[in-house]
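The values are calculated or read from the model by the stated rules, or taken from the named source; none is laboratory data. Given the structure is predicted, the values throughout are model-derived calculations rather than measurements. Heads up, the Cβs are rebuilt from the backbone with ideal geometry, glycines too, and the neighbour counts pull from every protein chain shown. When the accessible area is computed, the model is the full protein with side chains, heavy atoms only, and any ligands, DNA or RNA have been set aside. Shrake-Rupley method; radii C 1.70, N 1.55, O 1.52, S 1.80 Å.
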Amino acid sequence: MKNPKTSRKCSSNSVCNMEFSHISVMAKEVIEALDVSRGGIFVDCTAGGGGHSLEIAKRLPEGSRLICLDRDDDAIEACTKRLENYRDKFTIVKSNFMNIAAALDSLGVEKIDGVMWDLGVSSHQLDEGERGFSYSKEAPLDMRMDREQVKTAYDVVNLYSAEELTRILRDYGEERFASKIAHDIVTARETNPIETTTELAELVTNSIPAAVRKKENQNPARRTFQAVRIEVNGELDAIEPSITAAVDRLNPGGRLAVITFHSLEDRAVKETFKKLSEGCTCPPEFPVCVCGKKPKIKLLSKKPILPSREEEEENPRSRSAKLRTAEKC
């Protein structure tokens, strides 16, 4: 089978022939949650085009430091350009945010004072057709955030079994027609491989009953594309280990801020925060604690922070965003 890879068209003077235009969601709320003005070492685990990083860098006092992580070469190039006036304050590292501990070790950094994540796919990745994230633009099935990674969406769609496809569509896309879509994908690829985003989107659309399609306001392929993208990039698998590793590196009083864009991400963050904020787990009948477990973080708010109405109107993609915050005990 042919496995199409997208070609890289970047140069030192352009970011893949278009501006990395990701709009930072809830930037004001993130800055307030991290309490950046107190100074120290801060980490943006998902730097993207540098939107949140720039707002952090602007407010860092002298002697403070910002470390930016991202695995997308386009994002790294854009972030570096955007923060060029703050070169004395920031360092950027190509890394999956799951590997935050290794990234900090490579810089000789033992402890940090604040850390944030802006999860999910960026506006730039969605808008740049050749990356294969969009179901409305024809492109090879790619969806890799790190283009040096081997596995692509093509591999998932054309090589996974019907059972495996059903699982990821159900678990990562919350697609109620997962079994039917998986069956139709497997049947279609027996004749010819499914090579493009539009081929996959059309196949998924035809797999969903017309009556259901009419009731929905969004493209019927969106859940399948979300599921395949999450599988390709291991997005959900990275959340818990990344947050846990970051908490271990935080100084007491250090802050965490995590922005999510769909229920699966938010659930993973919520469950991780809950686990890290729990204290003694001994049975109630025990007169004294014998487990010795103490909470590592305290939640700064029980419920997630949502975008303002003004931000939702300005940036429609912010409407599904949720911000959860915590502080190291």
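In table form, for the structure just shown:
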| quantity | calculated |
| --- | --- |
| Neighbourhood charge, 14 Å Cβ-Cβ cut-off, centred on THR260 and excluding it, Lys, Arg +1 and Asp, Glu -1 | 0 |
| GNM top mover of GLU235, GLU29, GLU84 - the chain, alpha-carbon springs below 10 Å | GLU84 |
| Debye, to nearest 20: dipole size of the stretch 33-144, +1 on Lys, Arg Cβ, -1 on Asp, Glu Cβ | 320 debye |
| Choice from LYS215, LYS303, LYS180 showing the highest fluctuation, given a GNM over the chain with Cα pairs closer than 10 Å | LYS215 |
| Residue-level accessible surface for HIS52, protein heavy atoms, 1.4 Å, Å² | 10 Å² |
| C-alpha long axis of helix 222-233 to longest principal axis of the chain, angle in ° | 60 degrees |
| Choice from VAL290, VAL228, VAL115 showing the highest fluctuation, given a GNM over the chain with Cα pairs closer than 10 Å | VAL290 |
| Largest-first ordering by accessible area, 1.4 Å probe, given options CYS291, CYS282, CYS79 | CYS291, CYS282, CYS79 |
| Accessible-area composition of the stretch 24-171, carbon plus sulfur, in percent [1.4 Å probe] | 48 percent |
| Sites ASP88 and SER37, calculated FRET efficiency, Cβ-Cβ separation with R0 25 Å, nearest 0.05 | 0.90 |
| With all protein chains modelled, accessible area of ARG65 [1.4 Å, Å²] | 70 Å² |
| Computed E for ASP146/THR196 - FRET, C-beta separation, R0 22 angstrom, nearest 0.05 | 0.55 |
| Estimated FRET transfer efficiency when R0 is 45 angstrom, pair LEU107-PHE286 (beta carbons, to 0.05) | 0.55 |
| For the chain, share of DSSP beta bridges that run antiparallel, in % to the nearest 5 | 40 percent |
| Rounded to 10°, Cα long-axis angle of helix 73-82 versus longest principal axis of the chain | 50 degrees |
